[in-house]
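Chemist: Encoded as C-alpha cells, here's the structure I'll be asking about.
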Amino acid sequence: MHCGIPPRGIKVHVRTFSAWVGLVAVVSTLAGCGSDTDSPPGTTNLNAAVTALLRQPRSYTLYDGGYQSAILSISQGATASYKGVNYDTTQLTTTIRSGGVLISTDVQTVWFQSGTMLEFFIQNSSNGCDLATSATALPSSAALGSNFPFSRLNFYSTCSSPANTETGGTGKLQGTVTQTVSYSLIYGIPMVCINSVNSFYRSTEATCIEITDANGTLGPRALVSLATSTVVRQYTNF
C-alpha cells in the first residue's frame, strides 16, 4: 500500500476531525492514490450514482480485515407524509457482527422530497433524528477529485417524526450533521462517497461505492468508514 495510508481494515488513531464539510478526513486520506483501474472515468453523473445508491435495492457484505463484518442493505420504504406533503423514503440498514455474533443493527429511514434526491428528514433507530435545514441538488457531471455539498441537518435526540423537532416536541437539539458527496480515487478505485460529520458525537461516516463509467453506473466494490475522534474502523469487500 502506497501514499502513506494504513492497511485496509486496520484501526488507526487520529488526532481530530474537522466538524460532513469538504471531504471527511478519513476519506480524504485515502483519495489521490494511483488507480488500479486502467482508465477511471474522468467525470461521472453524480446525481445518477447517488440516486442509484439510495433508491435502488442493494446489499453489500463488508469486512474489517479482522473478526468484524458489516452488511449494508438499502431498500425503498413506504411513502411518508408530513403537513400534507408526501415524501419518498429509503431504509439503510447496517448490521455488524464480530466472529459471527451480532453486535448491532442500525436502521436509518431517509425522507426525500418526492421525485428528487433532496433530503428532508432522517430517522435513526439508535440515536435520534436529523431535520434538514438545507439540501443541494447534485450535478449530472462531476470531475474526478471533486466534492459537493449535499445536506445540512439539525441533529435531535429522542425523535420519531419531523413534528418531534418542532417547538413543544420531545426532540432536543444537540448539534448539526453536514453531508457532502465526493467522486475520487479510494485505494485507487473510482468511487462516489456520501460523507457525514456529526458535530455532537464528533463522529464521521463515509459510504463509498465504485463507479464504472461516466453515466454514474455503480460497481460491486464498496467501503464504509466509521470514525470518532480517536478511532477509525473501515469495512470493505475488496
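The values are calculated or read from the model by the stated rules, or taken from the named source; none is laboratory data. It should be emphasised that the depicted structure is a prediction, and the values quoted were computed from it without experimental measurement. Positions of Cβ are generated from backbone atoms using ideal geometry, with glycine treated the same way; all protein chains shown enter the neighbour counts. Remember, those area values only see protein heavy atoms, side chains included, never the ligands or the DNA or RNA. Shrake-Rupley method; radii C 1.70, N 1.55, O 1.52, S 1.80 Å.
Chemist: For residues that are closer than 15 Å to Q179 by Cα and outside any strand (DSSP E or B), scanning just the range 107-119, find the one that is most open to solvent (accessible area, probe 1.4 Å).
Modeler: If we take residues in the range 107-119 being closer than 15 Å to Q179 by Cα and outside any strand (DSSP E or B), then L118 is most open to solvent (accessible area, probe 1.4 Å).
Chemist: Select, from T165, T133, T180, T170, the only residue that is of a type in the set (V, I, T), farther than 17 Å from L53 by Cα and modelled with pLDDT of 95 or more.
Modeler: It is T133.
Chemist: Any residue in the range 120-132 that is open to solvent by 30 Å² or more (accessible area, probe 1.4 Å) and assigned to a strand (DSSP E or B) sitting within a Cβ distance under 7 Å of a residue that is among the small types (G, A, S) and at pLDDT below 95? List the pairs, counting only those 6 or more apart or interchain.
Modeler: Q123/S160
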